[in-house]
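Below is one structure, written out as C-alpha cells; comments come after it.
The values are calculated or read from the model by the stated rules, or taken from the named source; none is laboratory data. All values reported here derive from a predicted model rather than from experimental measurement. Cβ atoms come from the backbone with ideal geometry, glycine included; neighbour counts cover every protein chain shown. Quick note on the areas: whole protein, heavy atoms, side chains included, nothing else; ligands and nucleic acids left out. Shrake-Rupley method; radii C 1.70, N 1.55, O 1.52, S 1.80 Å.
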Amino acid sequence: MADEPKEVPEEVTKLREAIAAFAAMEDDVACTAAVSQVLRDWPELHSELRQLRETRVNTLRHERQMTWPEIAAVIGEVTPERAQQISKGLRGTKRPEPKNPRKKKAAEPPTE
C-alpha cells in the first residue's frame, strides 16, 4: 500500500501548469516581470497557504476526530508531532540549504 502512487490534486497540477506557462513565455521581459511579481507576492501567498492548512488540520482533528498519525499521513512526510505543531500555527525551523552555492554567497554581505 505504501508503494502506491498518490493521486495529485487538480489544484497542485494547475499550479505546476502555471509555473510551466511562465517558462513557456517567449518574451523575456514579460516573463521576468511576471515571475518577479509572483515572487514579490510569495510571502503573502505562502502565509495564506499556511493559514489554510492550519485551519483544515484543526477541522480534521476536531470535527472529523482524526488522530495525529492520521493527519500526519494526510499531510505527508511529517511526524504526528509536526502535524500537531501545524495545528497550532507553529513554524518549522528546518530550512533547506540553497541548491546553488552562488545564491548562498549572494545572501551574505560582500566583503572588501
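Any residue in segment 38-51 that's assigned to a helix (DSSP H, G or I): show its pairings with residues that are exposed (fewer than 10 other Cβ atoms within 10 Å of the Cβ) at Cβ separation under 8 Å, as long as the two are six or more apart or on different chains.
From residues that are assigned to a helix (DSSP H, G or I), the pairs are R50/R91.
Restricting the search to segment 1-55, which residues are over 30 Å from L90 (Cβ atoms), open to solvent by 90 Å² or more (accessible area, probe 1.4 Å) and at pLDDT 95 or above?
E17, E26, D28, V29
Tell me yes or no: at least one residue of segment 73-96 is modelled with pLDDT under 95, of a type in the set (V, I, T) and either more than 20 Å from the chain's Cα centre (by Cα) or open to solvent by 60 Å² or more (accessible area, probe 1.4 Å) (or both).
Looking through segment 73-96, at least one residue is modelled with pLDDT under 95, of a type in the set (V, I, T) and either more than 20 Å from the chain's Cα centre (by Cα) or open to solvent by 60 Å² or more (accessible area, probe 1.4 Å) (or both).
Yes or no: E70 on the phi > 0 side of the Ramachandran plot and open to solvent by 80 Å² or more (accessible area, probe 1.4 Å)?
no
How do the pairs read when you match residues in segment 16-32 that are more than 16 Å from W42 (Cβ to Cβ) and assigned to a helix (DSSP H, G or I) with residues anywhere that are open to solvent by less than 100 Å² (accessible area, probe 1.4 Å) and among the charged types (D, E, K, R), using Cβ under 8 Å and keeping only pairs 6 or more apart or on different chains?
none
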